[in-house]
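A quick write-up on the structure given underneath.
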């Protein structure tokens, strides 16, 4: 009886170990993705504190991006659904649709972040590029015709549109 009980326990343990190994292999074997995530605060030229948070994933070419973006500060700030992502080096450009406040819902936005160092180093940068009608009429320079499905290149985004030191951390991971 003890021998049978021991054999059953060993068999159950072996099955559990095999299942754990299989599930960890399956869960970790997804397709490679670009990830941009993090947040923090920065102060604009007028001395106004801004807060951002971002969480985006996309395939290795930057297509099929999905995620969220939050920009807080006066005037009123917004939340958005990210639908495009471009990464060049350590700079990411995200774009998508504003989801709230309701008066701005549906407008397009572009935002750039640069990952220049480890968390809390003060080396990362953030810079608001634009929102709304300014992106749509006339067409924004370099804006792809299918924006916000496809973002313009992130190359030079911070240099062209301004960048501010970010207190916090933004991470950009590429496959």
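The values are calculated or read from the model by the stated rules, or taken from the named source; none is laboratory data. Note that the coordinates shown come from a computational prediction; the quantities given were computed from them, not determined experimentally. Backbone-built Cβ (ideal geometry, glycine too); neighbour counts: all protein chains shown.
Test residue 64 against the stated conditions and say whether it is in contact with a strand residue (DSSP E or B) (Cβ under 8 Å, 6 or more places away or on another chain) and farther than 23 Å from residue 149 by Cβ.
When the stated conditions are applied, residue 64 does not pass them.
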Condition broken by residue 16, with the remaining ones in (1) within 16 Å of residue 154 (Cβ to Cβ); (2) modelled with pLDDT under 90 satisfied: (1)
Condition check for residue 86: farther than 19 Å from residue 155 by Cα and assigned by TED's automatic domain parsing to the domain that holds residue 148: no
Among (1) more than 13 Å from residue 127 (Cα to Cα); (2) at pLDDT 90 or above, the one test that residue 74 misses: (2)
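Here is a yes/no grid of residues against (1) surrounded by fewer than 21 Cβ atoms within 10 Å (Cβ to Cβ); (2) assigned to a strand (DSSP E or B):
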site: 31; (1), (2): yes, no
site: 42; (1), (2): no, yes
site: 47; (1), (2): yes, no
site: 52; (1), (2): no, yes
site: 56; (1), (2): no, yes
site: 61; (1), (2): yes, no
site: 64; (1), (2): yes, no
site: 79; (1), (2): yes, yes
site: 95; (1), (2): no, yes
Tally of residues being on the phi < 0 side of the Ramachandran plot, part of a loop (DSSP other than H, G, I, E, B) and touching a residue at least 12 places away in the same chain (Cβ under 8 Å) across the range 66-77: 2
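Just to be sure, is residue 120 within 19 Å of residue 49 (Cα to Cα) and either modelled with pLDDT of 85 or more or not in a strand (DSSP E or B) (or both)?
yes
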Tally of residues being within 18 Å of residue 91 (Cα to Cα), part of a loop (DSSP other than H, G, I, E, B) and at pLDDT 70 or above across the range 123-147: 3
